[in-house]
1. Out of the residues in the range 1-35 that are outside any helix (DSSP H, G or I), open to solvent by 70 Å² or more (accessible area, probe 1.4 Å) and in contact (Cβ under 8 Å) with a residue 40 or more places away in the chain, which is farthest from ILE73 (Cα to Cα)?
2. With (1) in a helix (DSSP H, G or I); (2) touching a residue at least 24 places away in the same chain (Cβ under 8 Å); (3) open to solvent by 60 Å² or more (accessible area, probe 1.4 Å) as the list, and ILE163 as the residue in question, which single condition is left unmet?
3. Where residues in the range 110-135 are more than 15 Å from the chain's Cα centre (by Cα) and touching a residue at least 40 places away in the same chain (Cβ under 8 Å), which of them is least open to solvent (accessible area, probe 1.4 Å)?
4. Quick one: is THR107 open to solvent by 60 Å² or more (accessible area, probe 1.4 Å) and touching a residue at least 24 places away in the same chain (Cβ under 8 Å)?
5. Any residue that is surrounded by 12 or more Cβ atoms within 10 Å (Cβ to Cβ), at pLDDT below 90 and among the charged types (D, E, K, R) - is there at least one of those in the range 139-154?
6. Could you check ILE66 against (1) hydrophobic (A, V, I, L, M, F, W, C); (2) over 23 Å from LYS88 (Cα atoms); (3) free of Cβ contacts under 8 Å to residues at least 40 places away in the same chain and say which number it fails?
7. From (1) loosely packed, with under 15 Cβ neighbours inside 10 Å; (2) on the phi < 0 side of the Ramachandran plot, pick out the condition that doesn't hold for ALA91.
8. Would you check which residues across the range 36-46 are open to solvent by 80 Å² or more (accessible area, probe 1.4 Å) and hydroxyl-bearing (Ser, Thr, Tyr) and list them?
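The values are calculated or read from the model by the stated rules, or taken from the named source; none is laboratory data. All of these numbers come straight from a predicted model, not from anything done at the bench. Note: ideal-geometry Cβ built from the backbone for every residue, glycine included; neighbour counts use all protein chains shown. When the accessible area is computed, the model is the full protein with side chains, heavy atoms only, and any ligands, DNA or RNA have been set aside. Shrake-Rupley method; radii C 1.70, N 1.55, O 1.52, S 1.80 Å.
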Amino acid sequence: MDNFAEQLVKRQLTKSDRTRNMISLIIGAGLSVFFVVTSIITIGNGGLFSFLGIILAVFSAVMTYINQRNNKIEYEYTFTNGDFDVDKIIAQSRRKEMISTQISKFTAFGRYDLSVPEETDDMTVVYATDNIESHEYYADFQHEEYGKTRLVFCPDEKMLNNINNSLPRQLRLKPKGE
């Protein structure tokens, strides 16, 4: 029987993300208004400048909208018989494969807190988390493409149980109460 689990995690915006979004929105709206006002002023001087201003205003508004949508990020974790895949979903429309590995290749696994060894310079760190530190986990492993890799993610209880059952015995988490 196949062992399968799937989880969708929505990334929470940090303060810097929200600040960047607000600045982008203000600049985009400001440029759109500027181009519209410039088009109205130049209407008497010729249709080309007015038309160009309207085109630039629409372009600025569309680019601002696209930028705002692209900040909506989700991660999908898929566990299938010991294989673990992480995909990044941008604006609920584009999917990008981030990383795939086998749980049996994990060399370290546990809660991502102050007791975790520091990342090294030669390590690739892949963040696929909702930005809520209280329930983040990490996994270290050797990846064919990235070399020494650390994955930071936040599995739910079902995903955590599937991962734990596929881990090498020395890395398995102890059940609560033991």
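1. Top of the filtered list is ASP2.
2. That leaves (3) as the condition not met.
3. By that ranking, first place goes to GLY110.
4. Yes; evaluated as a whole, the condition is true for this residue.
5. Step one: of the range 139-154, the residues surrounded by 12 or more Cβ atoms within 10 Å (Cβ to Cβ) are 139-143, 146, 148-154.
Checking which are at pLDDT below 90 leaves us with none.
The answer is no, given that none of the residues of the range 139-154 is surrounded by 12 or more Cβ atoms within 10 Å (Cβ to Cβ), at pLDDT below 90 and among the charged types (D, E, K, R).
6. (2)
7. Against the list (1) loosely packed, with under 15 Cβ neighbours inside 10 Å; (2) on the phi < 0 side of the Ramachandran plot, ALA91 comes up short only on (2).
8. Correct list: empty.
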